[in-house]
1. Using +1 at the C-beta of Lys and Arg and -1 at the C-beta of Asp and Glu, which of TYR38, ILE78, GLY57 has the Cα lying farthest in the positive direction of the dipole of the chain?
2. Of the beta bridges DSSP finds with both residues in the chain, what % are antiparallel, to the nearest 5?
3. Would you mind estimating how fast the stretch 1-158 diffuses translationally, via Stokes-Einstein at 20 °C and 1.002 mPa s with the Kirkwood radius over Cα pairs, in µm²/s?
4. Taking neighbour counts of Cβ atoms within 10 Å as a proxy for exposure, in what order, fewest first, do MET373, MET464, MET308 appear?
5. How would you rank 38-47, 169-178, highest first, on the average number of other Cβ atoms within 10 Å across their residues?
6. Tell me the Kirkwood hydrodynamic radius of the chain in angstroms, computed as one over the mean inverse distance between distinct C-alpha pairs.
7. Distance between Cα centroids, the stretch 189-235 to the stretch 453-470: provide it in whole Å.
8. Magnitude of the Cβ-charge dipole of the chain, K/R +1 and D/E -1, about the Cα centre, nearest 20 debye?
Amino acid sequence: MKNKAKYYITTPIYYVNDKPHIGHAYTTIVADVLARHYRQKLGKDNVYFLTGTDEHGAKIADSAAKLNIDPQTFTDQISSQFKIAWAQLDISYDQFIRTTDSKHKKIVQDILVKLKSTKTPLNNDCLYQADYEGLYCVGCEKFILESELVDGLCPDHKVAPQKLAEKNWFFKLADYLPIITEKIKKDELVIFPENRKKEVLGLLEKQNLPDFSISRSRVSVPWGIDLPWDDTQKAYVWVDALSNYLSALDYPAGDNFKKFWPADCQLLALDILKFHAIYWPAILLSLDLPLPKTLNIHGFFTIDGQKMSKTIGNVVNPNDLVAIYGAEATKYLILSQFAFGAESDIRVEDFPAKYNADLVNGLGNLVSRVTNMVEQYLDGQVAFDHENLVLVNEVKAKIEALDFRGALLKIWQTIQNSNALIDTTKPWVKAKSEDTKDKEELKKDLSLMTANLYNIALALASFMPQASQAILDILQAEKIKKPEVGLFQRLEK
Ligand code: MSP
């Protein structure tokens, strides 16, 4: 029997050292659009959308210590802020995983035990113990090379790394690199877009990627999952975190695991590309599991050319945007600003003008005008074509190609054309005429405008489910009536 089509989509699990910001929101909104699209296409039960929070490690322990609260209370607080932000944005996840969930902790330990008894393709032990001396950046939660420092500081966090000397457990990465390279080259593991695939292959071809540690000494990192066979150690936070994509499905025996693994689409930004494109496949290979089908890498956003950070004070909070624009308009403004793979500056200062132009004057006005004219001139009744789905199909294809901006541009072009059609056909003139030809033409024009609006509503379903449904409800009612309250409220000056 052929396997039924299914779609498993994941976002990275976000660190809870700080509140959610617009960068986390972007990835999560993209996942939401895809999940909604595939639910329509494959049926609700055949889609699984996972997001959550990454709660262990030195970075989080440090943040909690600074506030003088214990790490669990701290992570409970921040994790719930992520949940609130996603509720505000109407994110339709199927599971919100936390790495402090006891189910997750147990599965991570089982995975580690499995790795410990595994041999690599070259018949080495997959895990081995070694002394480690090096520099560690807590902000990145990774070891960093002397050559990567700028003026002695981590280039991303502008902080001097810690000198570490500890005994850790390591993963024999080198033995897996040829297989990973092959799978990426053959697109058995698709890395999208192409420039990110090249970047990963470049890293792999250097051949000197060091093995990575799967544990940290519990003295230096007390906040983490215990290593089952060595009580001096805690699981390294990245191994803990990456395992969430499996533990969420109740690996190895859960029905969800059997149904949904491998992941169809894993979303992330390029900051964590190496972990997902090299370490993660290596772990999966050593567990004898299929690799995800695609890793989809979007750009990293800056504000005025700078990384968002609490210290700089330039963090954009998604809740603030929702308070001004509402959830659906916020999603529109974020997704339409730049293409999926582009690295660019977020310009929230452009949002008010764009909101007024595209949502209030564009979509909102179109809905009011068309429904008003059908109500006034045709007593709310118009026959229109439900079958012409050119726009809908074009938009669906763009969503599947991760061209969200392109899809929205296409919809907004149609909105603009439809508004222009009203201006050129002037139904209000024909409505006043006694001529039957004018009356016929008026019917035809309004029928076309209603069909366009219907198509626009369908095309918006995965981006703005509420607005889409509201428009469909109006158009499918016995009599079409102009909504009493406009779809989008003009911003107060
Ligand atoms: N906890 C790790 C991920 C573990 S996944 C097994 C982590 N967390 S994070 O909170 O730093 O989130 C990183 C992800 O959040 C990025 O890969 C991206 O999806 C999103 N973004 C965070 N900041 C961003 C920008 N400034 N711009 C775009 N996306 C950003 O890394």
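Bear in mind these aren't lab numbers, they're just calculated from the coordinates by the rules spelled out. The structure presented is a predicted model; accordingly, all values stated were derived computationally and were not measured. Methodologically, a virtual Cβ is constructed for each residue, glycine included, from the backbone with ideal geometry; neighbour enumeration extends over all protein chains shown.
1. With unit charges placed on the Cβ atoms, the residue in question is TYR38.
2. Details: 22 of 42 bridges.
Given both bridge residues lie in the chain, the antiparallel proportion sits at roughly 50 percent.
3. Working: Rh = 18.7 Å.
Estimated diffusion coefficient is 115 µm²/s.
4. Values: MET373 22, MET464 26, MET308 18.
In increasing order of surrounding Cβ atoms, one gets MET308, MET373, MET464.
5. Numbers: 38-47: 16.0, 169-178: 19.3.
The most tightly packed comes first, giving 169-178, 38-47.
6. Every distinct Cα pair counted, the radius reaches 24.9 Å.
7. Computed from Cα coordinates, the inter-centre distance equals 42 Å.
8. Numbers: 59 positive and 64 negative charges, 132 e Å.
Magnitude of the dipole: close to 640 debye.
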